[in-house]
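Worksheet: one structure, shown below.
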Amino acid sequence: MATSKSTKGKGKGKGKDKAKAQPDPHALRIEVQPDDNQSEKLAALATDGALTAITLQAYAGAGKELGVTELLAAMRKAGDETVAGDMGRFERVLTHQFLTLDALFNNLAQRSGRQDSFKGIEVLMRLALKAQAQARATAETLALIKNPMPYIRQANIAHGPQQVNNGTPTGAGKNQSPPHELLEHQHDNTLDIGAAATAGRADPAMATVEAKHRPTNTRG
């Protein structure tokens, strides 16, 4: 800050101190140590979201009273609260936004009802419903913050191609036995699938036809 010294003696008489120079609210004041690299310091601030404070100042509408440096300090405090798990600030902000959006919906809906033309009613009602939808989305976001849903991860245990059989219960094919196994279980005998058995005397009709029983007239 710049100050002027008071003078005594000849002249107009009394000297006055100049008013203290007010810091530029648009200037971001940072602390730089003698050993710090100023370019690296600025790069760290830029990648840490410090420039967002300038954007917020431009849209806050608070005028010259809101300085960027003070705004950045408040934003960092809010970020530290979030990192620590304290979501109270965001819950309050979302609640305020919900109330504001609800007020917009009511205002636009009332103005729509006072219109004489169908076009005016349609335009204002569309804006009213958009505000209502945003209010609902804000309320849902606030509800999720207050009561977060558990995250469930489903593990895929299938290691190969899956076959879908419509109308067939799962695992039905695994419980079915091959035909020869069914015969073994039913008759308690092992099914011989080797050479054919010779005909016995118990059923002469099924006996093997010998040469004397074969027809003499054979076609060439």
Number of the exception - Glu91 against (1) at pLDDT below 90; (2) under 30 Å from Ala128 (Cβ atoms); (3) open to solvent by less than 60 Å² (accessible area, probe 1.4 Å); (4) not hydrophobic (A, V, I, L, M, F, W, C): (1)
Residue pairs meeting the criteria (Cβ under 7 Å; at least 6 apart or on separate chains; first more than 26 Å from Ala139 (Cβ to Cβ), in the range 96-124; second assigned to a helix (DSSP H, G or I) and not hydroxyl-bearing (Ser, Thr, Tyr)): Gln115/Ile121; Gln115/Leu124
Qualifying positions in the range 100-113 - open to solvent by 60 Å² or more (accessible area, probe 1.4 Å) and under 11 Å from Gln134 (Cα atoms): Thr100, Asp102, Leu104
Conditions (1) modelled with pLDDT of 85 or more; (2) open to solvent by 70 Å² or more (accessible area, probe 1.4 Å); number of the one not met by Glu65: (1)
Restricting the range 42-51 to residues that are on the phi < 0 side of the Ramachandran plot and open to solvent by less than 70 Å² (accessible area, probe 1.4 Å), the residue that is modelled with the highest pLDDT: Ala43
Residue, least open to solvent (accessible area, probe 1.4 Å), within the range 134-162, restricted to residues that are at pLDDT 90 or above and of a type in the set (Gly, Ala, Ser): Ala135
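The values are calculated or read from the model by the stated rules, or taken from the named source; none is laboratory data. Being a predicted model, the structure only gives us computed values, none of them experimental. Cβ coordinates were reconstructed from backbone atoms using ideal geometry, including for glycine residues, and neighbour counts include every protein chain displayed. These area figures cover heavy atoms from the full protein model, side chains too; ligands, DNA and RNA do not enter into them. Shrake-Rupley method; radii C 1.70, N 1.55, O 1.52, S 1.80 Å.
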